[in-house]
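**Student:** To start, I am sharing the structure in question, which I have written as structure tokens.
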Amino acid sequence: MDIDTVRTAASDEAAERRREQRGWYFYDWACSVYSTSVLTVFLGPYLTSVAKRAADADGYVHPLGIPVRAGSFFAYSVSLSVIVAVLVMPLVGAAADRSGRKKPLLGAAAYVGAAATAAMFFLGGDRYLLGGALLIVANAAQSVAMMLYNSYLPQIAPPEERDAVSSRGWAFGYAAGSLVLVVNLVLYLAHDSFGVSESMAVRICLASAGLWWGGFTLIPLLRLRDRPAAAREATALPDPADHTDETVRTAPGLRQLAATVRDMRRHPLTLSFLLAYLIYNDGIQTVISQASVYGSEELGLGQSTLIGAVLLVQVLAVAGALGMGRLARTYGAKRTILGSLAAWTLTLGAGYFLPAGAPVGFFLLAAAIGLVLGGSQALSRSLFSHLVPPGKEAEYFSAYEMSDRGMSWLGPLLFGVTYQLTGSYRDAIISLVVFFVVGFLLLVRVPVRQAIGDAGNPVPEKI
């Protein structure tokens, strides 16, 4: 084979890889509107109002005969969706790795979630049970689909491209979330001008997120391709004769999760990174979820200011993801993540001293969060992808996704306990610094080059 033929083949391979990467970006573009418009902004308050309309005189609803305060129904539904996802993700991840057929599973999960989200249009009156069921299905399906989506990263990007590709994916997602949220807020705030009620406007916003999700999912499904299942180390399932844990032994999802965790113990440095990520990501997720509470309750800011801050975070997260991706080319992903954790710590320190009733300071805080948010998440994903043994991408990313979505409970607990003990949201917000400090210290101790080699992967020049 002559040199020209080799160059042509290499050029064609690079072009095909870039085409597949562009298709991969579009799944983040498709699904991120669910996280932004549905979960973050509209569904919680609306489903709570629906539950309150269905409540008895004491303010309780009774799903399956269980008394639940109407104001807690949304939170309990989200928690139940996480439990469903934790049971399903390990099974789907293992099936995807063993069969090599990730694309049909990704399509199935995405369209189940998109259909459930679009069906939220029918949440009128007092149909709180329908709302809870659709939320559980949509949220669990989103987690499964994101696990499969993330597991494509090691297959579509060589080690030297992975930070940039992951960062672009996050940037696409934040860009879509910003765009759709702006359109939804125009409809919601000016619903009278459009001749629709406030309730109808919210239902249209919810359904539009599902239609957007389903429509743009076609692009990655057309461009991504399945690959033959790679040779993989054996992962032993728990012995059915082992009676040490009856719950794990009888629940297939928990059995597979236990097998995955057992297998990860053979790669302790991968597990060490996942522990560091679990801790600092818990801090990130808590800041995102509690910042609006801090702004409204401690700083006395109005709803319009808080919504504007959410939009600012979304817009600047695009620039932050891309900018930190460029920094990683020079300094490596690990150092860049460590720098972002230091920036998170300084941001929380600045937030502690914000004066009440000063929206400018809160917008500056939101800007700082936006600039480090996307990059922290994108580079964590790409760094973890180097630590996954070949042939186990979906299985290991199911554990990663559970760290991202299912384990972020300690931060809100610390936030709530600190406020309960001190009566100060300032003390509560500054208490979250511990997650970034501990996560920083744990990540510093992970020798990522050795971890990548131990996982059986090539070590990039910059990592």
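**Student:** Sorted by accessible area (1.4 Å probe), largest first, how do THR286, THR305 line up?
**Tutor:** Most to least solvent-accessible, the answer reads THR305, THR286.
**Student:** In Å, what Rg and Dmax follow from the Cα atoms of segment 7-76?
**Tutor:** According to the Cα coordinates of segment 7-76, Rg and Dmax are 22.9, 75 Å.
**Student:** If you average 1/r across every pair of different Cα atoms in segment 328-463 and take the reciprocal, what Kirkwood value do you get, in Å?
**Tutor:** 16.8
**Student:** Ignoring ligands, DNA and RNA, what accessible area per residue does segment 27-157 give at 1.4 Å, in Å²?
**Tutor:** On a per-residue basis, segment 27-157 sits at 36 Å².
**Student:** Spin-label point model (7 Å from Cα, Cβ direction): what's the ALA342 to SER72 distance in nm?
**Tutor:** 4.4
**Student:** For segment 1-140, rounded, prolate or oblate, judged on the Cα gyration tensor with a ≥ b ≥ c (square roots of eigenvalues), a/c < 1.5 rounded, else prolate if a/b > b/c?
**Tutor:** The shape class here is prolate.
**Student:** Taking 25 Å as R0, compute the FRET efficiency from the Cβ-Cβ separation of ALA108 and LEU80 and round it to 0.05.
**Tutor:** 0.75
**Student:** Let me check the size of segment 62-191 from its C-alpha atoms; what are the radius of gyration and Dmax in Å?
**Tutor:** Rg then Dmax for segment 62-191, in Å: 17.8, 55.
**Student:** Once you put a point 7 Å from the Cα of GLU297 and another 7 Å from the Cα of ARG329, both along the Cβ direction, what distance in nm separates them?
**Tutor:** So the two model labels end up 4.4 nm from each other.
**Student:** Could you point to the residue in LEU179, VAL196, ALA133 farthest towards the positive end of the chain's charge dipole, with +1 and -1 charges on the Cβ of Lys/Arg and Asp/Glu respectively?
**Tutor:** Sorting the options by dipole projection puts first LEU179.
**Student:** Rounded, prolate or oblate: which fits segment 256-324, taking a ≥ b ≥ c as square roots of the Cα gyration tensor eigenvalues, rounded meaning a/c under 1.5, else prolate when a/b beats b/c?
**Tutor:** prolate
**Student:** Skip the ligands, DNA and RNA, and give the accessible area per residue of segment 313-463 with a 1.4 Å probe, whole Å².
**Tutor:** It amounts to 40 Å² per residue over segment 313-463.
**Student:** Among the helices of the chain (complete DSSP H runs), which have Cα atoms covering no less than 20 Å along the helix axis and a Kyte-Doolittle mean of at least -0.5?
**Tutor:** Result, helices passing both filters: 73-99, 102-118, 128-151, 162-189, 198-223, 268-293, 303-331, 333-352, 359-386.
**Student:** With contacts defined as alpha carbon pairs under 8 Å and 6 or more residues apart, what's the relative contact order of the chain in percent?
**Tutor:** Across the chain, relative contact order equals 24 percent.
**Student:** At a 1.4 Å probe radius, carbon and sulfur cover how many percent of the accessible area of segment 286-398?
**Tutor:** 68
**Student:** Excluding residues fewer than 8 places away in the same chain, name every one of the lysines whose C-alpha is closer than 21 Å to that of LYS102.
**Tutor:** Qualifying lysines at Cα under 21 Å: LYS392.
**Student:** Also, I was wondering about something else. Compute, for the chain, the length of the dipole vector about the Cα centre, with Cβ point charges of +1 (Lys, Arg) and -1 (Asp, Glu) only. Units Debye, rounded to 20.
**Tutor:** 580
**Student:** Oh, and also: Based on Cβ point charges of +1 for Lys and Arg and -1 for Asp and Glu, what charge dipole magnitude is obtained for segment 59-202 about its Cα centre, in debye rounded to the nearest 20?
**Tutor:** 400
**Student:** Oh, and also: Taking a cut-off of 20 Å between Cα atoms, list the lysines near LYS334, but don't count ones fewer than 8 places away on the same chain.
**Tutor:** List returned: LYS462.
**Student:** Just to be sure I follow the definition: excluding the sites themselves, where is the longest run in the chain that has none of the chymotrypsin sites (Phe, Trp or Tyr not before Pro) in a DSSP loop with at most 15 other Cβ atoms within 10 Å?
**Tutor:** Between the exposed loop sites, the longest stretch runs 1-193.
**Student:** Return the tail of the calculated pair distribution for segment 331-407, meaning the percent of Cα-Cα pairs more than 21 Å apart.
**Tutor:** 44
**Student:** Taking 0.36 nm per intervening residue step and subtracting the Cα-Cα distance, what contour gain separates ASP56 from GLU198 on full extension?
**Tutor:** Using 0.36 nm per residue and subtracting the Cα-Cα distance, I get 48.7 nm.
The values are calculated or read from the model by the stated rules, or taken from the named source; none is laboratory data. All figures in this text were calculated on a predicted structure; none of them were measured in a lab. With ideal geometry, Cβ positions are generated from the backbone for all residues, glycine too; neighbour counts draw on all protein chains shown. Heads up: the accessible areas ignore ligands, DNA and RNA and are worked out on the full protein's heavy atoms, side chains in. Shrake-Rupley method; radii C 1.70, N 1.55, O 1.52, S 1.80 Å.
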